[in-house]
Amino acid sequence: MQFLYEIFPVFLFFIAFKWYGIYTATKIGIIATLLQAVANRLYVGQWDKKQVITFLVFVLFGGMTLYFHDPIFVKWKPTIVFWIFSLVILFTQVFTQKPLMQRLMEKMLEGKAIIPLNIWQRINLAWAIFFTILGGLNLYIAYHFDNDIWVNFKFYGITSAMIVLSIAQAVYLTRYMTEEKNNDTQ
C-alpha cells in the first residue's frame with residue numbers, strides 16, 4: 001500500500017502528460033507532491049524528509065521548466081532526487097551506527113529477523129549504487145530520447161526497477177528470517 005502512495009504523484013504526472021503535455025504535467029506533479037507531503041504531515045504528524053526533498057527539487061526544477069519553457073529542467077528532477085538519496089544513504093553507511101536501510105526496515109522486521117550489520121551495509125550500498133545508476137540512466141534517456149519516451153521510462157522503467165530491487169532485497173533477507181515460536185501449551 002505504501003508503494004502505491006509513493007507512486008501516486010508519478011502516476012498523476014504520467015496521466016497529465018499523456019493528456020495535456022509536459023507543462024501541465026509539471027504543474028500537476030508539483031501540486032501532487034505538495035499534497036502528498038502535506039497529507040503525510042497531517043496523517044503521521046511529521047514531515048517525511050524524502051517527500052519534502054522531492055517536493056523542493058520538483059518546485060525548483062519544475063519551476064525552471066515552466067519559467068524557461070524547457071522540459072530539460074523537469075527531466076533533471078528524478079536524477080537530482082536519486083543522487084541526493086544516494087548521498088544520504090552513503091553518508092549513513094560511513095558516519096552513523098545504523099545504515100539508512102536498516103533504520104527504514106527495522107520496524108517492519110521487528111522480531112521476525114536477525115540481520116547482521118554487514119548485511120544491512122550491503123543492502124545500503126546496493127540502494128546507493130542503484131540510485132546513482134538510475135539517476136545517470138534518467139539523464140541519458142532525457143538527452144537522447146523525446147519527452148514521450150522519457151515519461152514512459154520515468155513511469156514504467158523507474159517503477160519497475162524499484163520493484164525488482166525491492167523483491168531482490170526481500171529474497172536476500174529471507175535467509176535471516178526467524179520462525180515464530182508457538183507459545184501455546186497443550
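The values are calculated or read from the model by the stated rules, or taken from the named source; none is laboratory data. The structure displayed is predicted, hence computed values, not measured ones. For the accessible areas, the whole protein counts, side chains as well, though only heavy atoms, and no ligand, DNA or RNA atoms are used. Shrake-Rupley method; radii C 1.70, N 1.55, O 1.52, S 1.80 Å.
Please give the per residue accessible area of the stretch 51-186, computed with a probe of 1.4 Å over protein heavy atoms only, in Å².
With the other protein chains kept in place, the stretch 51-186 gives 61 Å² per residue.
How much of Val94 can a 1.4 Å solvent probe reach, expressed as accessible area in Å² and rounded to 10?
100
Any chance you could run the full-extension gain for Leu87 through Ile72? It's 0.36 nm times the residue separation minus the Cα-Cα distance, nm to one decimal.
Additional length available on full extension: 3.1 nm.
Which order do you get for Trp76, Trp47 if you rank them by accessible area with a 1.4 Å probe, largest at the top?
Descending accessible area places them as Trp47, Trp76.
Looking at the stretch 35-160, how many pairs of lysines come closer than 17 Å at the Cα, when each pair is eight or more places apart or spans two chains?
Within the stretch 35-160, the lysine pair count is 5.
How large, in percent, is the carbon and sulfur part of the accessible surface of the stretch 24-79 at a probe radius of 1.4 Å?
After summing per-atom areas, the C and S share lands at 70 percent.
Please give the calculated 222 nm ellipticity per residue for the chain, where each DSSP H segment of at least 4 residues contributes -39500 (n - 2.57) and the sum is spread over every residue; nearest 500 deg cm²/dmol?
-26500 deg cm²/dmol
Suppose we look only past 18 Å in the calculated P(r) of the stretch 6-134. What percent of the Cα-Cα pairs does that tail hold?
61
Please compute the alpha carbon radius of gyration of the stretch 65-158, then divide it by the globular-protein estimate 2.2 N^0.38 Å. Two decimals is fine.
Taking the Cα Rg and dividing by 2.2 N^0.38 Å, one obtains 1.35.
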